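Rule-based calculations on the coordinates, nothing more; no lab input. Predicted model, so just to flag it, every value in this text is computed and none were measured. Here the Cβ positions follow ideal geometry from the backbone for every residue, glycine too, while neighbour counts run over all protein chains shown.
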């Protein structure tokens, strides 16, 4: 039993060495785009000697005269649009262990690389497949992949990181759901890997030279592989990790609020640039959380009308948290919703108009504090050391210079 994943790994069969030799000998050669940033990391195999379901994919194995089929699950740590990618190849062998038919996965479907009257995709008796740039779908010829150049180029460039992480469809759900922060790191990492494919397939990966193992071993290793990638991204993350925003006189003008039913705010106007700040922060790749005192419906009424309520990555509002700033519970609620820990607080930036609530609360937790002094509704002089902000800005757009300074400092 692999206790860390809770997965039973069966003992290998008595003829393991023979089966492993067959799998390794027939492992395909993969030809990738010259600019492909990722390489296959591991291969899991299963050998089928009768018709039945595939081991690593929802697909029926039908021998149709072949003696056996070797199923290959090819693992990439990354696809250009998301973390985790696994594609599949089935090599059907005759009694002399020669390939007679090949099938492979292509974007969630299975295609036959050979049919009656066509040649097998062989090169020196090795099955050789061409790999779609970024997406790793397979084809028997580059012409098949190049027939959709515009779409492929788009998801390798503008679409890089679009999905953040896609959890492989594995029985038992063995991978934990990633946090908001993990998805954010994955998206930003992949955006930095974006490329325009050359559609020249000169980068060759011989799967004989990639770690190859029985499918059950590969499957059991996947949670650890995913966790290792997230740990690596977190370790490499520098600078600003999240922006925590107040609302009143930070995004909206408190003096313009229209109240109904006592404390409930029906509508309000933004301060200059306040209605564009969240969108611009997200566009520049920042995680953004609302950290505010008041009623959830108040913020939803105002922010939704101004078009940015749904742009926040997380919400920590006093009504639901049960605490108001500067109580650390409301800051903790925001960071926990993002998937951050207390170790990440030096990378968090709190932006607000209230020295006592926003600035002191952030300073006590070791966060960066940014005071927006747009209005004079609250005291403008610090009453104690905790209330001294790290930075002062007058208007929302000045925040980007502050973030640049923080990022430059690591």
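Here are the numbers:
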item	result
Spin-label model distance (nm) - residue 279 vs residue 328, 7 Å beyond Cα toward Cβ	3.8
Taking 371, 76 and counting other C-beta atoms within 10 Å, the order from fewest to most	76, 371
Degrees separating the helix 296-306 axis from the principal Cα axis of the chain, which is the longest one	80
Contact order relative to length of the chain, as percent, for alpha carbon pairs under 8 angstrom and 6 or more apart	14
Residue exposure sequence - 149, 32 - by fewest surrounding Cβ within 10 Å	149, 32
Residue 401-residue 375 FRET efficiency (beta carbon distance; Förster radius 22 Å; 0.05 resolution)	0.60
Segment residue 305-residue 177, length gained on full extension (0.36 nm per residue, minus Cα span)	42.9 nm
Prolate/oblate/rounded call for segment 16-236, Cα gyration tensor, a/c under 1.5 rounded	oblate
Degrees between helix 215-236 axis and first principal axis of the chain (Cα, 0 to 90, nearest 10)	30
Computed FRET value (nearest 0.05) for residue 210 with residue 62, which takes r as the C-beta separation and R₀ as 45 Å	0.95
Computed [θ] at 222 nm, deg cm²/dmol, the chain (DSSP H ≥ 4; -39,500 (n - 2.57); rounded to nearest 500)	-7500 deg cm²/dmol
Order of 15, 275, 182 - criterion: other Cβ atoms within 10 Å of each residue's Cβ, fewest first	15, 275, 182
Gaussian network model of the chain, Cα within-10 Å springs - most flexible of 243, 393, 222	393
Contour minus Cα-Cα distance for residue 144 and residue 228 (0.36 nm per residue)	26.8 nm
Cα-based helix-to-principal-axis angle, 399-408 vs the chain, degrees rounded to 10	60
Residue 269-residue 35 pseudo-label distance in nm [points 7 Å out on the Cα-to-Cβ vector]	4.8
Sites residue 96 and residue 237 - FRET efficiency at Förster radius 60 Å, r taken between beta-carbons, to 0.05	0.65
Segment 381-406 versus segment 43-61: alpha-carbon centroid distance in Å	59
Length added when fully stretched, residue 343-residue 296, from 0.36 nm per residue minus Cα-Cα	14.1 nm
